[in-house]
Amino acid sequence: MTVESLNRQRVLHLLDAFARGDIEAALSCCTDDVDFLTHAPIDVLPHLGPRHGKAELRELWQTVWSRYQEIRYKAPHIVAGGDDVAIYLHGYFTKRSNGRIVQFDMTVFYTFRNGQIAQIREIIDSYDLVQQVLEQEIGPLIVGAATKED
């Protein structure tokens with residue numbers, strides 16, 4: 001088995017563990033000093049701010065699971081090269097508050113060190129995600145704010 005195929009399997013193992021709510025199993029895939037960053041508006045989604053280390057990542061994942069009752073994903077594209085894995089995901093998160101499904105696309109880049117994930121970088125379609133989380137269109141809010149400032 002190549003390093004690339006092994007790292008692909010490790011990423012899928014982390015995602016499967018997280019999707020079933022087994023945060024400790026997901027964290028076991030990571031280094032103690034894992035570095036996490038997602039490109040999302042933290043003023044609306046403050047739990048998605050930068051995280052460093054397992055304790056902070058655990059806190060983030062616990063927050064996510066406190067808000068969603070079911071998490072599913074599809075991974076139509078995954079590319080691995082050496083210690084790097086990139087994956088394109090379709091995420092489906094069911095809200096605890098009302099059962100609505102938040103559906104979004106994201107790309108995640110993982111970097112490995114000694115067989116564990118040392119770095120996670122996520123890029124999310126945050127415009128669409130924020131609208132679904134807030135359950136309202138944000139375009140008029142953005143345009144209205146820009147018009148008032150002009």
*Add +1 for every Lys or Arg and -1 for every Asp or Glu among the other residues with Cβ under 14 Å from the Cβ of Trp65, and state the total.*
+2
*Would you mind computing, in nm to one decimal, how far apart the modelled labels at Ser97 and His52 are, each placed 7 Å from Cα along Cα→Cβ?*
3.2
*asked:* Just to confirm a number: summing +1 for Lys and Arg and -1 for Asp and Glu over residues other than Ser28 whose beta-carbon lies under 13 angstrom from that of Ser28, what do you get?
replied: -1
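Are there trypsin sites (Lys or Arg not before Pro) in the range 42-107 that DSSP puts in a loop and that have at most 16 other Cβ atoms within 10 Å, and which ones? Write down the numbers at each step before the final one.
Working: sites: Arg51, Lys54, Arg58, Arg67, Arg72, Lys74, Lys95, Arg96, Arg100; in loops: Arg96, Arg100.
Taking the range 42-107 and a limit of 16 other Cβ atoms within 10 Å, the loop trypsin sites (Lys or Arg not before Pro) found are Arg96, Arg100.
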_Unit Cα scatterers, Debye sum, the range 1-44: log10 I(q)/I(0) for q = 0.22, 0.23, 0.32 Å⁻¹_ = -0.87, -0.90, -1.03
*Mean separation of Cα contacts under 8 Å, 6 or more apart, over the residue count of the range 5-117: relative contact order %*: 23
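Under the 0.36 nm per residue contour assumption, what length would be gained going from the current alpha-carbon distance of Asn114 and Asp33 to full extension? Walk me through the numbers on the way to the answer.
Working: separation 81, 0.36 × 81 = 29.16 nm, distance 1.26 nm.
Roughly 27.9 nm would be gained on extension.
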*With label points built 7 Å along Cα→Cβ from the Cα atoms of Glu137 and Leu6, find their separation and express it in nm.*
5.2
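Based on the Kirkwood radius over alpha-carbon pairs, what is the Stokes-Einstein translational diffusion coefficient of the range 3-125 at 25 °C with 0.890 mPa s viscosity, in µm²/s? Spell out each step's value before the answer.
Details: Rh = 14.6 Å.
D, rounded to a whole number, is 168 µm²/s.
Here, each number is a calculation from the coordinates, and none is a lab measurement. Since this is a predicted model, take the numbers as computed values, not measurements. Note that each Cβ is placed from the backbone with ideal geometry, even for glycine, and that neighbours are counted across all protein chains shown.
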